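Asks: Shown below is the structure under consideration.
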Amino acid sequence: MSGIQGKVVAITGAGSGIGEATALLLAERGAKVVLGARRTERLEALAARIVRAGGDAAWTRTDVTRRADLSGLVELARDRHGRLDVLVGNAGVGLLSPLDDLRVEDWEEMIDVNLKGVLYGIAAALPVFREQGFGHFVNTVSTAGLRIVPLQSVYAATKNAVRTLSEGLRQEAGDSLRVTVVSPGAVRTDFAERMDPAVKDGIEKMMEIGLSPDAVARAIAFAVEQPDGVDVGDIVVRPTAQG
Ligand SMILES: NC(=O)c1ccc[n+]([C@@H]2O[C@H](COP(=O)([O-])OP(=O)(O)OC[C@H]3O[C@@H](n4cnc5c(N)ncnc54)[C@H](OP(=O)(O)O)[C@@H]3O)[C@@H](O)[C@H]2O)c1
């Protein structure tokens, strides 16, 4: 199957920002989207918006730090549509701080959400993709992992762990599964909301030149719409003005 029409696409972190923009764009282009995140009121509103526009959307509360929730997301796709074509591992948190602050709980949360959350998605979808004989993992990483700067070490480390994991997965995947990583630069979303005020100001300043989340959604759509034999491995999308 090529193109986006009719593809069943599950998305984590789908209730806001890049995940929401991706759900809207793919649904507009004919995908059946299955939305996961913790804030169910957002998922419900987004699914209703997609359905009102003539699209197909389902949702389930998904905390990516819980392996069973990822299984539930994949199961919802299969129960409703009989298959899963794409899993977009997009949920992420960026709790940036100097290492000297020893915010160990924030480090753990970034590892749990950004890395283990993607691993749990792989654990849920890989056996399904193997059984089907097709499937596509798309993981949202970050330019924070390409240009390492102070305050972002742990965040960048989790994103680069996913980059490494995705390349290993691609090599193990064989000739029927596809694996894509998308590295956004600054994107205007709620991403900085939970950051420490000392860091948040600088990040929000950077966000002033940030891309609309639609720009990242279009990059994801580009990878998804390729024919089966074309595996788009790595996409970097940053604002032209980003250093
Ligand atoms: N904005 C940027 O500049 C930027 C740049 C590079 C990469 N990224 C990456 O892009 C991805 C999306 O971020 P965004 O910019 O769109 O920010 P966002 O609007 O804050 O989206 C992050 C999403 O992750 C979800 N999430 C957080 N913890 C979760 C958990 N435990 N389980 C399930 N979902 C969880 C949140 O939903 P709930 O709170 O409802 O669960 C939220 O929808 C992230 O992976 C981020 O690292 C962002």
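Asks: Residues D106, D69, D85, D112: which one is within 8 Å of the ligand (Cβ to nearest atom) and open to solvent by less than 40 Å² (accessible area, probe 1.4 Å)?
Replies: D69
Asks: Also: So L25 passes all but one of these: (1) in contact (Cβ under 8 Å) with a residue 40 or more places away in the chain; (2) closer than 22 Å to F191 by Cα; (3) buried (at least 24 other Cβ atoms within 10 Å of the Cβ). Which condition number does it fail?
Replies: So L25 meets the others, but not (3).
Asks: While we're looking at this one, here's another question. Please report, ordered by residue number, the helices (runs of 4 or more DSSP H) entirely within the stretch 124-243 with at least 1 residues that are modelled with pLDDT of 95 or more, away from the ligand (no atom under 12 Å from the Cβ) and open to solvent by less than 50 Å² (accessible area, probe 1.4 Å).
Replies: 153-173, 213-225
Asks: Six or more apart or on different chains, Cβ under 6 Å: which pairs go from a residue in the stretch 211-225 that's over 13 Å from V86 (Cβ atoms) and free of Cβ contacts under 8 Å to residues at least 60 places away in the same chain to one that's of a type in the set (V, I, T) and surrounded by fewer than 22 Cβ atoms within 10 Å (Cβ to Cβ)? Could you list them?
Replies: A215/V237; A219/I235; A219/V237
Asks: Moving on to the next point. Just the residues that are out of contact with any Asp or Glu (no Cβ under 8 Å at 6 or more places or on another chain), part of a helix (DSSP H, G or I) and under 20 Å from A27 (Cβ atoms), please, taken from the stretch 43-74.
Replies: Within the stretch 43-74, L43, E44, A45, A47, A48, R49, V51, R52, L73, V74 meet the criteria.
The values are calculated or read from the model by the stated rules, or taken from the named source; none is laboratory data. Remember, predicted model here, so these are calculated numbers, not experimental data. Cβ: placed from backbone, ideal geometry, glycine included. Neighbour counts: every protein chain shown. Quick note on the areas: whole protein, heavy atoms, side chains included, nothing else; ligands and nucleic acids left out. Shrake-Rupley method; radii C 1.70, N 1.55, O 1.52, S 1.80 Å.
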